[in-house]
1. Quote the charge dipole size of the stretch 1-70 about the Cα centre in Debye, to the nearest 20; the model charges only the Cβ of Lys and Arg (+1) and of Asp and Glu (-1).
2. Highest GNM mean-square fluctuation, the chain, Cα pairs closer than 10 Å: which of Ser57, Ser208, Ser35?
3. Take the Cα of Ala221, step 7 Å along the line toward its Cβ, and report every residue of the stretch 111-139 whose backbone nitrogen sits under 14 Å from that point.
4. Output the peptides 2-9, 175-182, 138-145 sorted from most to least packed, where packing is the average of other Cβ atoms within 10 Å over each peptide's residues.
5. Using only the alpha carbons of the stretch 1-78, what is the convex hull's orientation-averaged projected area in square nanometres?
6. So for each of 14-20, 87-93, 225-231 I average, over its residues, the number of other beta carbons within 10 Å; can you give me the resulting order with the highest mean first?
7. Please express the shape of the chain as an equivalent ellipsoid: the semi-axes are the square roots of 5 times the eigenvalues of the C-alpha gyration tensor, given largest first in whole angstrom.
8. Would you mind working out the accessible area per residue for the chain, using a 1.4 Å probe, and quoting it in Å²?
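The values are calculated or read from the model by the stated rules, or taken from the named source; none is laboratory data. Given the structure is predicted, the values throughout are model-derived calculations rather than measurements. Please note: Cβ atoms are built from the backbone with ideal geometry, for glycine as well, and neighbour counts cover all protein chains shown. Side chains included, ligands, DNA and RNA excluded: accessible areas come from the protein's heavy atoms. Shrake-Rupley method; radii C 1.70, N 1.55, O 1.52, S 1.80 Å.
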Amino acid sequence: MNLRCAVFGASGGIGAALVDALAARENVAEVWAGSRRGQGDHGKVRGFAFDLTDEASVAAACARIAAPLDIAIVATGRLTLADGTGPEKSYRALDGAHLAESFAINTIGPAIIARHVLPLLPRDRRAVFAALSARVGSIADNRLGGWHGYRAAKAALNMLIRNFAIELSRTHREAVVVALHPGTVDTGLSAPFQKGVAPEKLFTPAYSAQRLLAVLDGLGAADTGKLYAWDGAEVPF
């Protein structure tokens with residue numbers, strides 16, 4: 001089967017690696033690669049521009065991609081905010097504007113992408129919608145506290161993923177809708193927080209992308225609505 005795929009956030013380390021890994025697959029016909037500035041077409045890759053905080057640009061991009069879309073991955077996210085503010089270590093550091101920015105990027109943006117992407121998924125065969133989340137967004141797994149805005153935004157994203165999975169299962173019986181934890185990946189997002197990470201636990205974007213795609217390959221309709229780590233283990237919400 002000649003699959004059609006899309007990656008939103010293709011300029012990031014993991015997103016770019018996902019585009020490359022998908023394009024290298026023989027059963028993939030084309031990969032739509034979305035970023036703020038857009039990129040040129042090359043080989044199987046079709047570049048497009050979108051702004052995560054501008055729904056009109058997301059809608060226009062999805063109209064251009066068109067149906068059917070077999071695999072859609074949202075690889076966007078932000079840990080350190082635009083002004084350089086890092087995740088809060090204490091409730092005393094909470095700031096309304098910073099919280100709003102974290103939710104806009106980590107929760108609302110992916111949700112709006114889902115609004116326009118999910119209608120493109122075929123109903124008569126397996127289709128995948130996945131979004132990069134994080135283990136720190138798990139309420140059940142939270143042992144350390146802190147990082148309030150990022151944790152809360154990712155926890156909200158996980159809830160949306162569960163909601164989307166339930167709703168889509170009513171019309172797309174083979175659909176897989178999941179959140180993914182990529183591990184600690186050597187990208188700009190994690191760079192300020194890599195101190196103390198064991199070398200074998202700091203992944204290259206290419207390795208993380210390959211592992212995430214392998215996880216998606218092994219999932220079926222019974223696995224929808226959950227959060228999976230790079231090694232295939234389910235992470236409790």
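1. 100 debye
2. Taking springs between Cα atoms under 10 Å, the residue moving most is Ser57.
3. 122-128
4. Values: 2-9: 23.4, 175-182: 25.9, 138-145: 11.2.
Taking the mean over residues of other Cβ atoms within 10 Å, the ranking is 175-182, 2-9, 138-145.
5. Projected area, direction-averaged: 4.7 nm².
6. By packing density, highest mean first, the sequence is 14-20, 225-231, 87-93.
7. Ellipsoid semi-axes (Å, largest first): 27, 19, 18.
8. Numbers: 11040 Å² over 237 residues.
For the chain, the per-residue accessible area is 47 Å².
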